[in-house]
Structure formats: structure tokens, C-alpha cells
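To start, the structure under review is shown below, and the notes come after it.
The values are calculated or read from the model by the stated rules, or taken from the named source; none is laboratory data. Just so it is clear, the model here is predicted, and its values are computed rather than measured. Cβ placement follows ideal geometry from the backbone for every residue including glycine, while neighbour counts extend to all protein chains displayed. These area figures cover heavy atoms from the full protein model, side chains too; ligands, DNA and RNA do not enter into them. Shrake-Rupley method; radii C 1.70, N 1.55, O 1.52, S 1.80 Å.
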Amino acid sequence: MKGWNRRRWLAGAGGWALGGGAWSAVRAATPTFPSRPITLWVPWAAGGATDISMRVLAELAGHHLGQTVITDNRGGAGGTLAMPILQSAAPDGYTIAQLPYPVFRMAHTHKVLWDPVRDTTPIIQVSGVTFGVLVQAGSPLQSLEDMFAFARARPGELSIATNGVGTTPHVVLESLFTARGLRYIHVPYKGTAEQINAISSGQVMAGVNSTGFGPAVDSGRLRLLATFAAQRSKRWPTVPTLRELGFDIVAQSPYGLAGPRGLPSHVVATLHDAFRKAMFDPMFINEIAKYDQELDYLGPADYARACREMLAQERINVERLGLARESTGG
């Protein structure tokens, strides 16, 4: 019996050894991730605040990954054009994208083929932006009430730029103006840089954008009338919030990075660790501080949960505002 047990043990040990050797061979045949450059898609036009800060983040993360992280732009459609890229990309970690807040709203307001929860693998939440109402430095419009008064006196002449249909600035504008029975001309732009130039040159009378407008306000090119944050900005302490002005609106837009659906856990972990180190680098912190932003870190599991919550909350928001697909007929 003892000899039989010994023979059975040796057979098993040989099997384990063979299995271990086979597993080692498989691991040796599988390239370590990443073994080539990674592409980070930014769904905004080049030259804007988000594009610039994402390039800084990508460069820093590349140092930790040992591979270049290439940033590419796909601006337009309110920041949602990276979604088709993620939907069709292989889940290998070499295609990732910035995931902006509008994707969670657009899924309810437009007939799209993608779903921001179903078709992505959240990697990390990075930061968030708040928004503000802007006019040319020399504009006679000194407040939101001035804008409402102009729209009331001259219907259809007030032109206001945003970063796209269905974005947070657009939705807030609709809420502010339609509640008063007022009309304005909505002028969407692909990126912050284009919009800032349009406002400062007088092509449009006003604009609503993320705090990427910071340098233009600080330099005196633009004047900030109000922000959408919960509290006044430390950077512009004299500028009131919408809530202070009597509007029960606080609008912030968290963003992060995501890969295609089905991204392996070890790839997610590798990307997360590299980008987490990058986002806490003083260089990146200083970069987003130029736009009045701070870090708002969430790891993969917490960010995935936040994405599900944002998608559910946006369904409620668009239905309340009458912007859901069923309400628009589109």
C-alpha cells in the first residue's frame, strides 16, 4: 500500500511539474503588457484644456508603463466620439479613452449604438470640471439677468456657445432659458479653444464651458459671470454660483479613463497603477490647477460603480427636462 501511494504521489507530482512547465511556457509565449505603444483617445478637439492635460497625463503614465502613450483626438458630438472607438476596439489594453460625463446623458437623449456602462471597462477616475458663463471682456452683459433681459427684448438674437449638443452646459442653458420662456441661438463648438476665440472675438455674445477658460479669464480676454459649482471658486472668489443667484443648479462633470468591454483584470491593474502614479505627479496636479481643477480619484471598482450611478441619474435628469429619446422623438 505504501509503495502504491508513493507511486501515485510521484505520478501526481510529475503531472504537477508538467502542468507547471506548460503554464510557464504559456506565460513565456504571452508578451508582458504593455509590449507596444498605447493609444489614449481624447474626445475633444486638440489644443483645449482637456486635451492638454490628457497629454501631460499620458506622458507621465508612459514613464511608468515603459511604453509611449499616444494621445489622439476625436472631437465633436459633445465629447462622445470615443465611444464607438472603444466599442469596436480589441480588449487588449492598447486602446483606451477619456470618458467624459456627456456619454452618460447622450445614451438617453440620442439613438446611439453604444452604452457607456455595457461597452466599457472603467480604469480610473481622474478629476472633474465645473462650468461657467462667459462673455467678452468689454461686453455690456454684466450678469445673467442682463442676458435674460436681452433675450426678452430681442428674441432669437442672443447667441451662446457651448461645447456641444447634449453637454452639461447645453442642458443647463436649456433649463435656465426655457423656464423663462426665452429663446437663444445655440452655437456648438468642438473644443474649448475654438469657443474661447469665438467669444473673445465677438462671433458669439456669450459662452458656457468648463474651467478650461481659466487662462482667458485671468488674462482679461473674457469675463466670468457665474459658475455652476456648489461653492465659489477660490480662484475667482467674487464670481457667484448659480445657486447663489437663485437657481437650484449645481453641475459638475467628473471624468476618467476606460478601455473596451472585457479588458482583462491584470491589464486594468497595470493601467490603473501607472495612471494613478501619473495623476498624483506634481506636474499633472499643477497642470489641471491652471483650469481650476483638483484630483478626484476613484479606483476601477469604485469608478465602475460611479459610472452606473451616473447613467441612472442622467436618465432621471433628461426625463425631468423632457430631453429623453421618447420625448424628442429622435
Could you identify the single residue in ASP92, ASP51 that is surrounded by 15 or more Cβ atoms within 10 Å (Cβ to Cβ), at pLDDT below 95 and among the acidic types (Asp, Glu)?
ASP51
Region 228-269, residues that are touching a strand residue (DSSP E or B) at 6+ places or on another chain (Cβ under 6 Å), open to solvent by less than 10 Å² (accessible area, probe 1.4 Å) and among the β-branched types (Val, Ile, Thr):
THR241
Which of the numbered conditions does PRO260 fail, given that it passes all the others? Conditions: (1) in contact with a Leu (Cβ under 6 Å, 6 or more places away or on another chain); (2) closer than 24 Å to ALA206 by Cβ.
(2)
Could you figure out which of (1) aliphatic (A, V, I, L, M); (2) more than 23 Å from GLY246 (Cα to Cα); (3) open to solvent by 10 Å² or more (accessible area, probe 1.4 Å) isn't true of ALA153?
(2)
Just the residues that are assigned to a strand (DSSP E or B) and open to solvent by 20 Å² or more (accessible area, probe 1.4 Å), please, taken from region 205-223.
ARG223
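Say whether the condition of being touching a Pro at 6+ places or on another chain (Cβ under 9 Å), touching a residue at least 24 places away in the same chain (Cβ under 8 Å), part of a helix (DSSP H, G or I) and not charged (D, E, K, R) is met by at least one residue in region 257-267.
yes
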Exactly one of GLY202, GLY138 is part of a loop (DSSP other than H, G, I, E, B), modelled with pLDDT of 90 or more and either touching a Lys or Arg at 6+ places or on another chain (Cβ under 9 Å) or open to solvent by 50 Å² or more (accessible area, probe 1.4 Å) (or both), and that one is GLY138
Hey, THR211 hits all of (1) in contact (Cβ under 8 Å) with a residue 24 or more places away in the chain; (2) on the phi > 0 side of the Ramachandran plot; (3) not hydrophobic (A, V, I, L, M, F, W, C) but one; which does it fall short on?
(2)
Within region 270-304, can you find the residues that are under 15 Å from the mean Cα position of the chain (by Cα), open to solvent by 10 Å² or more (accessible area, probe 1.4 Å) and farther than 20 Å from GLN87 by Cβ?
TYR291, GLN293, GLU294, LEU295, ASP296, TYR297, LEU298
